[in-house]
Amino acid sequence: MKRVAIPVTNNMLSEFFGTCSHYEIFEIEKKVLNRYPLLIPNGIEIVDLPAWLERMGITDVISFKVNPKIMKLFASKKVNLFVGIPFNSPEAIIDDYLKGRLESNEKIIAEITAGEK
């Protein structure tokens, strides 16, 4: 089973991965089986979010922008990260995910990682 997390603010994909009101979690096995909000615990640092999401059983994270350090942390985990996804509702985004139409935006990734070595 897949567990997909989408950072949400005002019922839309949040601009930044770590500055959202909550994550919408979708549990998927061929189709969405369950959906629920997941609040970020008080006091958790942004660099701790990848490990926390991994402990919560998240397999995929869909985001617009992510700090380059966070991208590296996700790369070290067994969590797939989609970056540069256009702003939309969680429902529309998960529909694209289920239909195999969700792809990271290389231009956004290049913008985020510019200057990183």
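When Glu103, Glu54, Glu91, Glu45 are checked against the criterion of being at pLDDT 95 or above and of a type in the set (Asp, Glu), Glu91 stands alone in meeting it.
Within the stretch 48-73, residues that are over 12 Å from Phe16 (Cβ atoms) have Cβ atoms under 7 Å from residues that are hydroxyl-bearing (Ser, Thr, Tyr) and surrounded by 15 or more Cβ atoms within 10 Å (Cβ to Cβ) in these pairs: Ile62/Tyr97, counting only partners at least 6 apart in sequence or on another chain. Scanning for something exposed (fewer than 14 other Cβ atoms within 10 Å of the Cβ), over 15 Å from the mean Cα position of the chain (by Cα) and not small (Gly, Ala, Ser), does the stretch 78-96 turn up at least one residue? Scanning the stretch 78-96 turns up no residue that is exposed (fewer than 14 other Cβ atoms within 10 Å of the Cβ), over 15 Å from the mean Cα position of the chain (by Cα) and not small (Gly, Ala, Ser). Which residue pairs have Cβ atoms closer than 6 Å, lie 6 or more positions apart in sequence or on different chains, and pair a first residue in the stretch 86-111 that is polar (S, T, N, Q) with a second residue that is part of a loop (DSSP other than H, G, I, E, B)? Pairs found: Ser104/Val83; Ser104/Gly84; Asn105/Gly84.
Contact list please: Cβ distance under 8 Å, first residue in the stretch 31-46 and loosely packed, with under 11 Cβ neighbours inside 10 Å, second residue of a type in the set (Asp, Glu) and at pLDDT 85 or above, pairs at least six apart or on different chains. From residues that are loosely packed, with under 11 Cβ neighbours inside 10 Å, the pairs are Tyr36/Glu24.
The values are calculated or read from the model by the stated rules, or taken from the named source; none is laboratory data. Quantities reported herein were computed from a predicted structural model and do not represent experimental measurements. Glycine also receives a Cβ, built like all others from the backbone with ideal geometry; neighbour counts cover every protein chain displayed.
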